[in-house]
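> Here you go, one structure.
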Amino acid sequence: MTKQRSMKLPDTGMASFHERERREDRFALPFEIEVSGINSDGEVFRVTVQTRNVSQWGCGFLSPMELKKNDIVAIRVAVPEGPAAIERPLIRFQVVRVDREERGWAIGVWKMEPDDAWGIELEKITQPQGGGVILRRRNHGNKAGESEDE
């Protein structure tokens, strides 16, 4: 008789797994998020930036400070001012992409927890960025200007 084991991916592997298996839409939806963590000098940081795109499992943003691939950061939707403001929880994300740009670093992160990070139903408020799921797979029949992979 064989014994069944439950397999759980380590937290740091969760983002990599979702990146490889990604079949979700990305939405060009700018809103403010707070990104916090510990930099390479061991100093705590917290910056407010605007998203460039979001999905159920991740987001992209321009950071004024350099982050490293595989860094773990905490992100939450920035709280608007006013008495009706509801503070969103901090959610852990893993940095999966870092590209230097003129005004900072383009960062791509993947959620490490199943919790809802954004508090909105993306499909109900905007259209997917760059088309549907088919454009995310390798497709040799792309039209000019469409990327094969994101």
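The values are calculated or read from the model by the stated rules, or taken from the named source; none is laboratory data. Source: prediction; values computed, not measured. When we count neighbours, we look across all protein chains shown, and the Cβ atoms used for this are built from the backbone with ideal geometry, even at glycine.
> Only one of (1) modelled with pLDDT of 85 or more; (2) of a type in the set (Ser, Thr, Tyr); (3) within 14 Å of Gln94 (Cα to Cα) is not met by Ser16, so which one is it?
It fails just one condition, (1).
> Suppose we filter Trp105, Trp110 for residues that are in contact with a helix residue (DSSP H, G or I) (Cβ under 6 Å, 6 or more places away or on another chain), at pLDDT 90 or above and of a type in the set (Phe, Trp, Tyr); which single one remains?
Trp110
> With the checklist (1) under 16 Å from Pro30 (Cβ atoms); (2) in contact (Cβ under 8 Å) with a residue 12 or more places away in the chain; (3) over 13 Å from the mean Cα position of the chain (by Cα) in hand, flag the one item Leu67 doesn't pass.
(1) is the only condition that Leu67 fails.
> Val79 - would you say it is modelled with pLDDT under 95, hydrophobic (A, V, I, L, M, F, W, C), under 18 Å from Leu29 (Cβ atoms) and over 16 Å from the mean Cα position of the chain (by Cα)?
The answer is yes for Val79.
> Still on this structure: Just wondering, is there one or more residues in segment 23-45 that are at pLDDT 75 or above, under 19 Å from Arg103 (Cβ atoms) and of a type in the set (Ser, Thr, Tyr)?
no
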